[in-house]
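Below is one structure, written out as structure tokens; the observations come after it.
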Amino acid sequence: MEMHQLRYAVAVARTGNFSRAAEQCHVAQPSLSQQIQKLEEELGERLFDRMKRQTKLTPHGENFLRRAERILEEVEAAKRDASEAGEAGELLRGTLTVGVLPTIAPYLLPSAMIAFTKKFPGVKMVVHEDTTARLLGLACQCEIDLALASEPLRDERFVVQELFSEELLLALPPGHPLCHRRVIKPADLEVEKFIVMKEGHCLGEQVLHFCDRRDLQPKISLRSAQLETIQSLVHAGLGISLIPAMATKGARREQPKYRSLHGPKPERKIVAAWPRQRPPNRAARELVAQLRKRGAGKTSSTLF
């Protein structure tokens, strides 16, 4: 019995689907299916009932899943204990695997990683970008140490710690009439076409939630999975958007015009999350502390 077989079995149980489990585990589906079959042959029992559209645990599989999850948690705890050796709280070696949203990673992580690796040169940092739902799945499977995401994050299996908040700025095409307004109210956006993140990305939901709270019914003209694409489309005059402050600091040639909305500002809260049953290791705690320190007492315009 191999550790990767246990991880594969847990992934199939959580997703209810061999294809999604293989995607989360970053392996080909035939390979994952073969390993599950080998595990079942070794145990002498079927772990899953394979149906046309769904895979369910057998009674034997349910018992096995509980033990497999405990084994994976203990292995991760052992890894943390082994990697946290050092004097005076210093981190000498080890690996920190961080899951992060693609709307956060390119803007926040480079400077944070430079500061972290300078302080702890013996710790290797691995980054995995994905949506919130998939990051939480990876955390449950012990594939990542913690997730950097944004609220709302409603999952009772996780501890969620707020790091900082940032404003969502109105992004306008250069030359747009609203660029010359000293005060822009949400009501001024009623006739505008919005470009937002595609479904499944929390930033898109946050923008729509803000509009809903302001009785604004946005006309969504385009959706994209890439924040940089949205900003390019805004620059081209195809619509407007709300963009996180950290994403407005780039040196791109085709830059939209950014404005702050009047009244209660749209914002998002950046959080760190980890499973309740698997507290973060020392490296993860150090990174979280650095990110919170960066956000403490700073405004969205000076944070990044």
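Annotations
- Any hit, region 166-180, residues being part of a strand (DSSP E or B) and out of contact with any Leu (no Cβ under 8 Å at 6 or more places or on another chain): yes
- GLU156 vs. criteria under 23 Å from LEU136 (Cα atoms), part of a strand (DSSP E or B) and either assigned by TED's automatic domain parsing to the domain that holds PRO280 or in contact (Cβ under 8 Å) with a residue 40 or more places away in the chain (or both): no
- Single unsatisfied condition, ARG294 versus (1) at pLDDT below 90; (2) assigned to a loop (DSSP other than H, G, I, E, B): (2)
- Selection from region 171-191 of residues that are within 20 Å of GLU254 (Cα to Cα) and either surrounded by 14 or more Cβ atoms within 10 Å (Cβ to Cβ) or assigned by TED's automatic domain parsing to the domain that holds LEU148 (or both): ALA171, LEU172, PRO173, HIS176, LEU178, CYS179
- Region 231-250, residues that are touching a residue at least 40 places away in the same chain (Cβ under 8 Å), more than 19 Å from LYS265 (Cα to Cα) and crowded, with 18+ Cβ neighbours inside 10 Å: GLN231, VAL234, HIS235, GLY239
- Matching residues, region 32-56, being of a type in the set (Ser, Thr, Tyr) and part of a strand (DSSP E or B): THR55
- Members of region 247-264 found to be of a type in the set (Lys, Arg) and at pLDDT 90 or above, listed by number: LYS257, ARG259
- Selection status of CYS202, in contact with a Pro (Cβ under 9 Å, 6 or more places away or on another chain) and touching a residue at least 40 places away in the same chain (Cβ under 8 Å): yes
- On the stretch given as region 10-31, residues that are touching a strand residue (DSSP E or B) at 6+ places or on another chain (Cβ under 8 Å) and either part of a helix (DSSP H, G or I) or over 17 Å from LEU65 (Cβ atoms) (or both) total 3.
- Of the strands (runs of 3 or more DSSP E) lying entirely inside region 230-282, those containing at least 2 residues that are assigned by TED's automatic domain parsing to the domain that holds MET125 and under 27 Å from LYS293 (Cα atoms) are 267-275.
- Any hit, region 79-96, residues being closer than 16 Å to GLU143 by Cβ and modelled with pLDDT of 90 or more: yes
- Scanning region 42-58 for residues that are among the hydrophobic types (A, V, I, L, M, F, W, C) and surrounded by 12 or more Cβ atoms within 10 Å (Cβ to Cβ), we see that the one that is farthest from the chain's Cα centre (by Cα) is LEU43.
- Just one of the listed residues (PHE116, PHE194) is assigned to a strand (DSSP E or B) and either in contact with a helix residue (DSSP H, G or I) (Cβ under 7 Å, 6 or more places away or on another chain) or crowded, with 17+ Cβ neighbours inside 10 Å (or both), and it is PHE194.
- Any hit, region 107-127, residues being modelled with pLDDT of 90 or more, under 20 Å from CYS25 (Cβ atoms) and touching a His at 6+ places or on another chain (Cβ under 6 Å): no
The values are calculated or read from the model by the stated rules, or taken from the named source; none is laboratory data. Fair warning: this is a prediction, and the values are worked out from it, not measured in the lab. Heads up, the Cβs are rebuilt from the backbone with ideal geometry, glycines too, and the neighbour counts pull from every protein chain shown.
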